[in-house]
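Taken together, the values in this text are just the output of simple stated rules run on the coordinates, not laboratory data. Please read all numbers here as calculations on a predicted model, not as lab measurements. With ideal geometry, Cβ positions are generated from the backbone for all residues, glycine too; neighbour counts draw on all protein chains shown.
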Amino acid sequence: MAPMAAATRRGVAPLRHPDLPVLASAYIAAGHVCIQRYLEDGRDWRKVSPLEIQRQLRACDLPLWRRPKGPKMTGLEVARAAPMAQRLEGLLAAVVAGILQAVDQGCFWGPGFEVPRCVKIQGVPSPMSRLVLLPSSQKETPLEVGAGGLKASDLLAVDVAAEAALREAKPKVGLVRFSARRLPGLRRLDLTDPLLVRSSYCKALMEMERQIHAPLPTLEADAVVATSDVSILRGPVEAGAPWTETQPARIEVFWAQLERNPHFDDLGYLDEASEDALVMTLRRLMALAKKEGVSVLVIPPPGAGTPGGAWAPSAVAAERLREAALAYGGGLEEIIVCREHPSQLCGRWGEFTSALQHGNERIYVDKKLEERKAALEKLGLSYPRPGLEATLRRYADCPPSRLHRLGRFPPRPPTQALPVAGDSPTAKKKQVRLSVTR
């Protein structure tokens, strides 16, 4: 009975060679691939050539394939006639399915199965997730800025973590992943995330709720999902997602959730409660990394361009991260800040790195004073008359002529005219009575 249970759990052995293009769907058929049901797929997606992946990427930019005249189409014909976005999603799903099969079978061929003199890499571990509470107490230990301390990198977080894990000293590398708290779509795999398409973290996400015994959207602010034995197996998708030719780099991923909609003050900065919550989360994350024995911590911009809706200004996020790292990151050898995906902080990455290395000087602006100055400029006055500040702020968007009249002649409160003795209703009634009696 034990061998039968093991065979049922592992599903169908992947023996057939896969064909591209494919579409991501909820069932398995010719021209379709399903990530959730990869155990039932008899095609070996590990054997897809990197050159074929590059060719399919270039084909996604071409016009749609002409639909045949026949009433019935095969699965490959349906995939070729699909729009560009669906073909690209299917290609990424095929890449992820290959990673899932590599973790399940425990081996793969690098850099590709059809490449001459390919190397078979064995012993791919399955990642394991656990729910960890952030430490409540943090000891203040300073960290130096520069080499060996806090620094920024223009590479992606996956590349930085893999490069650090493959050093001669073999340090333990931790990668932080941020998302919005209580987001309903956390269970769905984001195929545009390089961490999911290139590492075994996609396998961890599929089994995370079963391993931590808790639904993902209900995690509290002091809880972090720590996933160990995450292997970076593939290269960039733009290069054909080639498999690594050596033993893959192993890292530990810490998934923390930030406030989804932080509050801002009148000056455009995060209010005191939101800033304190962000700084406290960063401090406790560094304390947890030191407790887990991490030497190199790779962290993305907290809340700045985070997938899932968590948002914070880039300069403010850099300032808070710098403050937490310099004060509480002394037990770590390196803290490397980099982007999770190429489009994160597009056009503002230079501002973020500058604020991270040299600090950020806040410019406090009084909005009421600015509105008052704008209204005075429209009026052409150097200073308003006493008691007109509220009127000027109220009519700041009015035309200049209207403001000019308001500035010189303030509106008087409405007054009711006193009735004349002969025009009052009682006087008219008396006149009618007198005329009748006469």
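Odds and ends about this structure:
- In this structure, the residue pairs whose Cα-Cα separation is over 23 Å, taken from LYS120/LYS203; LYS120/LYS172; LYS47/LYS203; LYS203/LYS290; LYS170/LYS290; LYS47/LYS170, are LYS120/LYS172; LYS203/LYS290; LYS47/LYS170.
- Each of ALA204, ALA223, ALA239 was placed along the dipole of region 189-250 (beta-carbon charges, centred on the mean Cα), and the one lying farthest toward the positive end is ALA239.
- Neighbour-count ranking [beta-carbon atoms within 10 angstrom, fewest first] of TYR27, TYR328, TYR201: TYR27, TYR328, TYR201
- For ILE35, distant residues with modelled amide H under 5 Å away: SER25
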